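Scroll down for the structure; my scribbles are underneath it.
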Amino acid sequence: MIFPGRLEQLPPSSFAQLASLLDPVPPGLEPINLSVGDPHGAVPPFVMEAIARHAGRFGEYPPINGTAEWRAAAAGWIKRRFGAELDPDTQVLPLNGTREGLFLAPKIVTPESKAGGRPAILLPNPFYQCYAAAILAAGAEPVYAPARAEYGFLPDFASVPLSILERTVAVYFCSPSNPEGACAREAYWQTLFALADAYEFTVFADECYADIYLDEQPLGALSVRRPPFDRLLSFHSLSKRSGLPGLRSGIVAGDPKLIATFRAFRNYAGPQVPLPLIAASAAAWNDEEHVRSNRAAYAERFAVAEQVLGSHPGFQLPKGGFFLWLEVGDGAKTALRLWREEGVRVLPGAFMGREMLPGQTRTNPGFPYVRVALVNDLSTIQAALDRVAKVLSEEAP
């Protein structure tokens with residue numbers, strides 16, 4: 001599809017690129033898909049019960065800010081998880097899937113110009129494709145900051161040229177990061193907020209993977225930024241935390257002035273969450289047991305990954321999230337071979353990134369990597385990773 005105007009600059013969809021690469025080629029074995037971060041697992045019974053109890057409310061228009069019960073549950077979870085006290089009536093909003101909030105957010109902070117030029121919004125490279133689409137839709141310039149191994153896979157926003165920082169109206173930052181699984185420590189967050197204060201831009205903290213980790217609980221933006229959380233919007237998701245991607249439910253929280261503006265803007269778009277799903281969401285934010293179970297299941301999958309692939313020189317365990325960011329030399333070449341010979345579908349890292357120098361593919365920070373989603377059941381992951389290990393062992397010098 002060709003989009004008009006400024007949307008013509010949209011980077012190609014990661015999965016459209018993957019389809020172009022793999023679909024013309026028959027898989028070598030029965031296919032196993034490890035390319036999509038689509039959590040698999042049983043829906044907690046209390047979620048189904050909450051929907052059933054409130055099913056009659058499908059006959060009502062839902063309020064844009066949810067219910068008092070949902071707001072209390074969201075603020076309560078944020079206090080337990082991050083130690084941050086938020087006013088449930090002015091500092092949290094429900095989202096119809098976190099992607100909805102991430103896409104709409106730039107529209108409330110992007111003026112026609114800043115510092116005499118086109119507003120800029122910074123984003124990591126590689127990146128979640130929604131970020132770039134949102135930036136362009138808002139009329140801003142996307143500025144890509146590479147997240148390479150030498151920076152701990154975190155983007156070095158402080159090295160962005162002064163002329164761009166002066167035009168910057170927002171920054172997208174993901175921790176734990178997708179695809180690398182890197183987590184920001186306090187010093188990194190403090191540096192980012194110092195930049196935000198110095199250049200008067202908003203931090204969009206995408207923290208959808210905050211409750212998926214192996215050892216150390218990732219530090220969140222709301223734990224570091226002091227109240228009233230000026231210039232911060234923090235995004236969270238039940239898709240990842242609770243393994244409920246079909247519920248389409250998330251949170252945006254932070255600066256009360258920005259939340260008020262966001263709420264007013266969303267009144268026009270009307271992306272309300274239906275009331276039975278709001279009730280189920282409140283139940284999920286109030287419960288920690290199912291989250292601990294999910295985290296334990298991911299730990300088992302990563303233990304299998306380490307057992308099968310740990311000797312590969314490009315293997316490393318992530319700090320958070322449920323992806324392997326596996327260095328293989330040429331991600332697209334390896335992905336094609338895995339599909340053609342073993343029927344395993346993974347995502348080349350370059351398909352989530354962008355060349356830093358036009359026409360020079362190796363300047364794409366994702367070029368040497370493949371992203372492997374560990375979201376299937378344990379036996380499927382074991383079988384798939386055995387196939388991956390076979391191909392990687394044959395490629396080794």
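For the stretch 195-304, report the accessible area per residue in Å² (1.4 Å probe, heavy atoms, rounded to an integer). Please list the in-between numbers first.
Numbers: 3930 Å² over 110 residues.
With all protein chains present, the stretch 195-304 gives 36 Å² per residue.
Let me know the charge dipole size of the stretch 28-76 about its Cα centre in debye, to the nearest 20, where only the beta-carbon of Lys, Arg (+1) and Asp, Glu (-1) is charged.
Values: 3 positive and 5 negative charges, 47 e Å.
Charge dipole, the stretch 28-76, about its Cα centre: 220 debye, nearest 20.
Kindly identify the chain as rounded, prolate or oblate by the Cα gyration tensor criterion: order the square roots of the eigenvalues as a ≥ b ≥ c, call it rounded if a/c is under 1.5, otherwise compare a/b with b/c, prolate if a/b is larger, else oblate.
Values: a/c = 1.66, a/b = 1.20, b/c = 1.39.
Here the chain falls in the oblate category.
Along the Cα→Cβ direction, 7 angstrom out, place labels at Ala198 and Asp215. What is the inter-label distance in nm?
3.2
Which residue fluctuates most in the GNM of the chain (Cα springs below 10 Å): Gly56, Gly243, Gly41?
Between Gly56, Gly243, Gly41, it is Gly56 that shows the largest mean-square fluctuation.
Express the relative contact order of the chain as a whole percentage, based on alpha carbon pairs under 8 Å and six or more residues apart in sequence.
Numbers: 811 pairs, mean separation 99.6, N = 397.
Computed over the chain, the figure is 25 percent.
What nm distance separates the two modelled labels at Thr380 and His40, each placed 7 Å from Cα along Cα→Cβ?
Here the modelled spin labels are 0.2 nm apart.
Under the Karplus relation 6.51 cos²θ - 1.76 cosθ + 1.60, θ = phi - 60°, what is the ordered set of whole-Hz ³J(HN,Hα) values for the stretch 215-222, x standing for Gly and Pro?
Computed from phi, the couplings for the stretch 215-222 are 10, 8, 5, x, 6, x, 4, 6 Hz.
How large is ³J(HN,Hα), in whole Hz, for each residue of the stretch 227-243 in order, when computed from phi with the Karplus curve 6.51 cos²θ - 1.76 cosθ + 1.60 and θ = phi - 60°, using x for Gly and Pro?
Couplings: x, x, 6, 3, 6, 10, 10, 10, 10, 9, 9, 7, 4, 8, 4, 10, x Hz.
Of all the accessible heavy-atom surface of the stretch 223-357, with the other protein chains kept in place and a 1.4 Å probe, what percent is carbon and sulfur?
Working: 2530 of 5040 Å².
C and S atoms contribute 50 percent here.
Taking a probe of 1.4 angstrom, what is the accessible area of His312 in Å², to the nearest 10?
40
Sort 178-191, 79-92 for me by packing, meaning the mean count of neighbouring Cβ atoms within 10 Å per residue, highest on top.
Details: 178-191: 20.6, 79-92: 17.9.
The peptides rank, most packed first, as 178-191, 79-92.
For the stretch 228-366, what percent of Cα pairs sit more than 18 Å apart?
72
The stretch 136-189 to the stretch 255-316: how many Å between their Cα centroids?
After rounding, the separation between the Cα centres reads 21 Å.
So, in Å, what gap is there between the alpha-carbon centers of the stretch 338-378 and the stretch 28-77?
Cα centroid to Cα centroid, the span is 30 Å.
Given the pairs Lys240/Lys390; Lys79/Lys319; Lys107/Lys257, which span a C-alpha to C-alpha distance of over 19 angstrom in this model? It would help to have the intermediate numbers written out before the result.
On the way: Lys240/Lys390 30 Å; Lys79/Lys319 22 Å; Lys107/Lys257 15 Å.
Too far apart for the 19 Å limit: Lys240/Lys390; Lys79/Lys319.
The values are calculated or read from the model by the stated rules, or taken from the named source; none is laboratory data. Bear in mind the structure is a predicted one, so any value in this text is a computation, not a measurement. Backbone-built Cβ (ideal geometry, glycine too); neighbour counts: all protein chains shown. Heads up: the accessible areas ignore ligands, DNA and RNA and are worked out on the full protein's heavy atoms, side chains in. Shrake-Rupley method; radii C 1.70, N 1.55, O 1.52, S 1.80 Å.
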